[in-house]
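Trainee: Dumping the structure here so I can ask a few things about it.
The values are calculated or read from the model by the stated rules, or taken from the named source; none is laboratory data. All figures in this text were calculated on a predicted structure; none of them were measured in a lab. Note that each Cβ is placed from the backbone with ideal geometry, even for glycine, and that neighbours are counted across all protein chains shown.
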């Protein structure tokens, strides 16, 4: 399959699909952190390039519940405007002309602006000892089946030191166990 991993610079999901023989590409405004197929640029410009599967990780800063405290404290309209722009960007992925789509984000306003997610997963379901609500909105794909349940349940929040730091912006990265499950389960999914 021709796989696009939108808004990914780490290459973790891209590499999981590439390891299973797929033509997998990541795309982000940032350069990739490791060798592999990567398009540095605006992902919206390549959504019509004949992808079979897209896994999108749109920025969550303004649309996740963690942003609600800021939204309620800001006297200006910039935060509200950014929330609307963030929601519009999220919907570009939902409405992309790609047969199989997974859009990943924390719990946030998209549950009311769009609809509730199809599934909420945690890293502990895929071999990592953390709990972190991770929502998946799916099109043409089945729900992920937990692959390696662990006993650990350490809370992982947005500002945790376990997150990736690139300059001033903290960016979430996908846990390798989740990426592996995506590649194994969705990489073999033929839509039947």
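Trainee: Are any residues in segment 17-30 in a loop (DSSP other than H, G, I, E, B) and under 17 Å from the mean Cα position of the chain (by Cα), and if so, which ones?
Mentor: Across segment 17-30, the qualifying residues are 29, 30.
Trainee: Would you check which residues across segment 32-51 are part of a loop (DSSP other than H, G, I, E, B) and more than 15 Å from residue 93 (Cβ to Cβ) and list them? Explain how you work it out, then say what you get.
Mentor: In the first step, residues of segment 32-51 are kept if they are part of a loop (DSSP other than H, G, I, E, B); the result is 32-37, 41-42, 47-51.
Result: 32, 33, 34, 35, 36, 37, 41, 50.
One line per residue, one yes/no per condition, for (1) closer than 21 Å to residue 56 by Cβ; (2) outside any loop (DSSP other than H, G, I, E, B); (3) at pLDDT below 55:
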| site | (1), (2), (3) |
| --- | --- |
| 160 | no, no, yes |
| 165 | no, yes, yes |
| 178 | yes, yes, no |
| 181 | yes, yes, no |
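Trainee: Determine whether residue 14 is surrounded by 20 or more Cβ atoms within 10 Å (Cβ to Cβ) and either at pLDDT below 90 or over 17 Å from the mean Cα position of the chain (by Cα) (or both). Lay out the reasoning, then the answer.
Mentor: Numbers: surrounded by 20 or more Cβ atoms within 10 Å (Cβ to Cβ): yes; either at pLDDT below 90 or over 17 Å from the mean Cα position of the chain (by Cα) (or both): no.
The answer is no for residue 14.
Trainee: Residues in segment 127-151 that are in contact with a strand residue (DSSP E or B) (Cβ under 7 Å, 6 or more places away or on another chain) and in a loop (DSSP other than H, G, I, E, B): how many?
Mentor: Matching residues across segment 127-151 total 9.
Trainee: So, one more: Any residue that is crowded, with 16+ Cβ neighbours inside 10 Å, at pLDDT below 95, assigned to a helix (DSSP H, G or I) and touching a strand residue (DSSP E or B) at 6+ places or on another chain (Cβ under 8 Å) - is there at least one of those in segment 67-87?
Mentor: Yes, because at least one residue in segment 67-87 is crowded, with 16+ Cβ neighbours inside 10 Å, at pLDDT below 95, assigned to a helix (DSSP H, G or I) and touching a strand residue (DSSP E or B) at 6+ places or on another chain (Cβ under 8 Å).
Trainee: Something else about it: List every residue pair whose Cβ atoms sit under 7 Å apart, with the two residues 6 or more apart in sequence or on different chains, where the first one lies in segment 1-29 and is without any contact (Cβ under 8 Å) to a residue 40 or more places away in the chain and at positive phi and the second, anywhere, is part of a loop (DSSP other than H, G, I, E, B) and surrounded by fewer than 24 Cβ atoms within 10 Å (Cβ to Cβ).
Mentor: 11/32; 11/33; 11/34; 11/36
Trainee: Could you check segment 100-122 and list, in sequence order, the residues that are under 20 Å from residue 145 (Cα atoms) and either assigned to a loop (DSSP other than H, G, I, E, B) or at pLDDT below 95 (or both)?
Mentor: Passing the criteria: 105, 106, 107, 116, 117, 118, 122.
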